[in-house]
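Working notes, structure below.
The values are calculated or read from the model by the stated rules, or taken from the named source; none is laboratory data. Because the structure is predicted, anything quoted here is derived from the model rather than measured. Backbone-built Cβ (ideal geometry, glycine too); neighbour counts: all protein chains shown. To get the accessible areas, we keep the full protein, side chains included, count just its heavy atoms, and leave off ligands, DNA and RNA. Shrake-Rupley method; radii C 1.70, N 1.55, O 1.52, S 1.80 Å.
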Amino acid sequence: DYKWMGFGDKETHPKYQGEVENGVPNGLGFLIFPDGNKYVGEHKDGKWNGQGTFTSPDGQKYVGGWKNGKISGQGTTTFPDGRKYVGEWKDGKKWNMTGYDKNGNITKKYVNGVKQK
């Protein structure tokens with residue numbers, strides 16, 4: 001958890017721009033972390049909630065649902081090498097999801113949170 005303040009050091013603190021209510025992110029906004037990670041999307045009570053996009057500096061990207069700051073709901077994760085995960089996450093875990101290689105071949109499958117063979 002972060003304490004949201006109107007000051008800080010951009011080298012060590014995340015930078016938020018967007019809607020604020022009661023001193024915390026609430027509504028649409030974007031957050032840039034010192035390590036280069038970025039989140040653009042909806043917030044509720046200071047946590048990522050609703051639809052949003054998380055991008056890491058290495059090019060990994062998740063687009064989809066969030067709940068209480070964790071990946072939750074329908075979404076897609078893409079990797080720089082062309083792999084991707086498509087489906088449903090629950091509380092940050094792969095739930096009903098299919099993994100594909102760069103050629104579109106299925107490589108992984110999760111059903112109700114259990115990895116299938």
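The Cβ shell under 10 Å around residue 90 holds other residues with a net charge of +2, Lys and Arg each +1, Asp and Glu each -1. Select from 97, 39, 68 the residue farthest towards the positive end of the dipole of the chain; place +1 on Cβ of Lys and Arg, -1 on Cβ of Asp and Glu, and compute about the Cα centre. Of the listed residues, the answer is 97.
In this calculation the C-beta distance from residue 98 to residue 24 is compared with R0 = 35 Å, giving a FRET efficiency of 0.50.
What the phi angles of the stretch 58-74 give under the Karplus curve with 6.51, -1.76 and 1.60, with θ = phi - 60°, is a coupling list of 7, x, 6, 9, 10, 10, x, x, 9, 8, 6, x, 10, 4, 7, x, 7 Hz, glycine and proline written as x. Across the stretch 23-34, coupling constants 3J(HN,Hα) worked out from phi with the 6.51/-1.76/1.60 Karplus curve, θ = phi - 60°, read x, 10, x, 8, x, 7, x, 10, 10, 10, 8, x Hz, and Gly and Pro carry x. Considering only protein heavy atoms and a 1.4 Å probe, what is the carbon-and-sulfur percentage of the accessible area of the chain? Result for the chain: 49 percent of the exposed heavy-atom area is carbon or sulfur.
The residues packed around residue 73, meaning those with a beta-carbon under 9 Å from its beta-carbon, carry a net charge of +1 if Lys and Arg are +1 and Asp and Glu are -1.
Here is the link list: 47/90; 67/115; 47/67; 15/94. Which ones come out longer than 19 Å on Cα distance? Table pairs above 19 Å Cα-Cα are 67/115; 15/94.
A straight chain from residue 56 to residue 108 at 0.36 nm per residue would run longer than the Cα-Cα distance by 16.5 nm. In the full protein context, the chain carries 66 Å² of accessible surface per residue, based on a 1.4 Å probe and ignoring ligands, DNA and RNA.
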